[in-house]
Amino acid sequence: MNDDQLFQLILLVGFAIIMPIGVYHRLRSRTGEKLDRRQEGWFILVTLRPIGIAGMLGLIAYLINPAWMAWAAMPLPVGLRWTGVGLGLIAGWLVIWTFRNLGKNLTDTVVTRKEHTLVITGPYRWVRHPFYTSGALALLANSLIAANWFLFVTGCVAILLLVIRTRKEEENLIARFGDDYRNYMQRTGRFVPRL
């Protein structure tokens, strides 16, 4: 087995572990409540999901047959690719921890649910948006492991769009929780812990 096959296998194992956990938590959080995604704004609506889908399709193509993504391959030292594996382990641990603490509050938009609660446990004790942080780490990890600039670029654009969308998400959380959320914002960092 050469290095490329090993890294493909590592990504495949990670994908096979994390995806079912994510699907499980997404299904578990469903309430049947209709969420108005238009609150994200039209720019985010027409860009974020297509970019995310393009990145996911690129990753799936790499997992099935790396030759399909060879046009976007970039030479990286093996040590840097192993750094990606380490980042991927951290990202996987953080996303699972985040899913477990978020529970029924999990949505794919900026809208809060009718029964939404303010979560300040687990990773939320230090960071207001650990799901986005884990996503950024995972995207960086995947692009390093696969040594693929397309995964890196689509990942960076998706994270940038999530950062932009976070402003509206936090406005909604302030509207929902008022001073409790404002005080929480003072104690925590948005994406990384506050020093």
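The values are calculated or read from the model by the stated rules, or taken from the named source; none is laboratory data. Source: prediction; values computed, not measured. Please note: Cβ atoms are built from the backbone with ideal geometry, for glycine as well, and neighbour counts cover all protein chains shown.
General remarks:
- Selection status of TYR132, crowded, with 19+ Cβ neighbours inside 10 Å, farther than 24 Å from PHE43 by Cα and among the hydroxyl-bearing types (Ser, Thr, Tyr): no
- Failed criterion for GLY84 (all others in (1) within 30 Å of GLU171 (Cβ to Cβ); (2) surrounded by 11 or more Cβ atoms within 10 Å (Cβ to Cβ) hold): (1)
- Considered as a group, the residues in segment 1-19 that are aliphatic (A, V, I, L, M) and free of Cβ contacts under 8 Å to residues at least 12 places away in the same chain include one that is surrounded by the fewest Cβ atoms within 10 Å (Cβ to Cβ), and that residue is MET1.
- Scanning segment 178-195 for residues that are touching a residue at least 24 places away in the same chain (Cβ under 8 Å), part of a helix (DSSP H, G or I) and within 24 Å of the chain's Cα centre (by Cα) yields a count of 3.
- Boolean, PHE131 is closer than 30 Å to ILE10 by Cβ, assigned to a helix (DSSP H, G or I) and at pLDDT below 95: yes
- Test result for THR107, at pLDDT below 95 and out of contact with any helix residue (DSSP H, G or I) (no Cβ under 8 Å at 6 or more places or on another chain): yes
- Note on segment 37-68: residues that are outside any helix (DSSP H, G or I) and either touching a Phe, Trp or Tyr at 6+ places or on another chain (Cβ under 6 Å) or in contact (Cβ under 8 Å) with a residue 24 or more places away in the chain (or both) total 1.
- Search result, residues across segment 13-71 that are more than 15 Å from the chain's Cα centre (by Cα) and among the aromatic types (Phe, Trp, Tyr): TYR24, TRP42, PHE43, TYR62, TRP68, TRP71
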